[in-house]
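S.K.: Could you have a look at this structure, given as structure tokens, before my questions?
Nothing in this text is a laboratory measurement; each read-out follows from the coordinates by a stated rule. Model, not experiment: these values are computed from the prediction. Counting neighbours? That spans all protein chains shown, and the Cβs are built from the backbone with ideal geometry, glycine included.
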Amino acid sequence: MVGRKWLVALVVVLGMAVTAPQAMAKQDILFGGASITGVYYQVALQLSNMMNKHAADKYNYIGRPTGGSVFNINAIDRGAFDFAVAQSDRNWQGFNGAADWEGKPVKGLRSVFSMHPETVLLVTRKDTGIKTVMDMKGKRINIGNPGSGQRGNAEDVLRIYGLDFNKDFSAEALQQAEASRALVDQKVDAFFFTVGNPSAAVEEPAQSVELDIVPINSDGIKDFVAKHPYYIMTKIPAGTYKGVDKDVETYAVTATVISNDSVSEEVVYDMVKTVFENLDELKASHAAFRNLNPKEMLQGLSAPLHPGAIKYYKEKGWM
Ligand code: GLU
């Protein structure tokens, strides 16, 4: 009898040794951010950190830098990322087949929750004399790399102000990290960047040169904003960036965490639950996340919600 007990114990131990590595295998989850100097990359990194801390038994999250919103929506469409961040205006266009997605809507695109507001910034050096959008005539302006969210915003602003980037000024298409450096090095006179505040993309050049942020608030812009539910007029408060000592009026979108409907309900549910149950941790992880709150995080979602997110929001009685 003793011999048989030992045999059973041995089989159990061996069985555990064989099955244990499998049971512990973690699922890799890829999370697309944007430029390393922007805030999206912080979203991807901080959410990944939270998941790797609170759900380490199940997941291995990896945050990646990318080209921005348009790139991210396309990567989500291809299944290259499980989650990514995108502007609410691009999210609307992607799902509905407009602008970059004309005739090819991204039907699998799903919203998970909203993050921080992002302002359409036109950042210049004080020595360029650019005080209004029209002062860009004849200058060198970075309108954003293809794949970025700001590129479409820059194109809208120029169209509304009646400027043509093919003839009124010389347009660059640098990635944001290069654009911030190019502004300091006087290789460009201004750049467009649609970003949460504060962003290192503006804080860093503000350490070496005197910066200014140009208002984007003509009547044409206000009409345009009024016509689109995902835009609002807003102000970047004085003192947000070194040297910019007065409020600057411009318009804003919302950064949205997105996924694909082919990502499992469990993966999305686990992420959403972890985020909302540890929201204070997320809020403390970056200044742009300080004002996050559940009510607003369920607003401004311009593609349908993912079922894994709906499951959690229903459990909480939020919908
Ligand atoms: N809004 C930008 C984009 O869509 C990215 C902003 C950021 O990096 O925080 O490309």
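S.K.: Give, as a single signed number, the net charge of other residues whose beta carbon lies under 13 Å from the beta carbon of Thr274, with Lys and Arg counted +1 and Asp and Glu -1.
M.R.: Its environment carries a net charge of -3.
S.K.: Also, I was wondering about something else. Subtracting the Cα-Cα distance from 0.36 nm times the residue separation, let me have the gained length for Lys139 to Arg78 in nm, one decimal.
M.R.: Additional length available on full extension: 18.2 nm.
S.K.: Further, regarding this structure: Just to confirm a number: summing +1 for Lys and Arg and -1 for Asp and Glu over residues other than Phe289 whose beta-carbon lies under 13 angstrom from that of Phe289, what do you get?
M.R.: In short, -2.
S.K.: Taking the alpha-carbon distance from Lys314 and a cut-off under 20 Å, which aspartates and glutamates remain once sequence neighbours fewer than 8 residues away in the same chain are dropped?
M.R.: Excluding near neighbours in sequence, the set is Asp261, Glu265, Glu266, Asp270, Glu277, Glu296.
S.K.: Take each of the peptides 128-139, 146-157, average the number of other beta-carbon atoms within 10 Å over its residues, and list them starting from the highest.
M.R.: So the order, starting with the most tightly packed, is 146-157, 128-139.
S.K.: Would you please give the residues with an amide H less than 5 Å from that of Asp212, counting only those at least 5 places away or on a separate chain, with H modeled from the backbone geometry?
M.R.: Placed amide hydrogens put Thr124, Arg125, Lys126 under 5 Å from Asp212.
S.K.: Scan around Asn60 for amide H atoms under 5 Å from its own, H built in the peptide plane at 1.01 Å from N, and keep only partners 5 or more places away or cross-chain.
M.R.: The answer is Gln27, Asp28, Ile29.
S.K.: Can you tell me the FRET efficiency between Lys316 and Lys53 if r is taken as the Cβ-Cβ distance and R0 is 22 Å, rounded to the nearest 0.05?
M.R.: Efficiency, rounded to the nearest 0.05: 0.50.
S.K.: His116's amide H: which non-local residues (gap 5+, or another chain) put their own amide H closer than 5 Å, with H modeled 1.01 Å from N in plane and none for Pro or chain starts?
M.R.: It is Ala255, by chain and number.
S.K.: What does the highest-first list of 45-57, 72-84, 171-183 look like by mean Cβ count within 10 Å?
M.R.: 72-84, 171-183, 45-57
S.K.: Right, next: Straight-line reach from Lys187: which aspartates and glutamates fall under 12 Å, measuring Cα to Cα and dropping same-chain residues less than 8 apart?
M.R.: Glu172, Glu178
S.K.: Now a separate question. Give me Ile36, Ile216 sorted ascending by neighbouring Cβ count inside 10 Å, so fewest comes first.
M.R.: Ranked by crowding around the Cβ, least crowded first: Ile36, Ile216.
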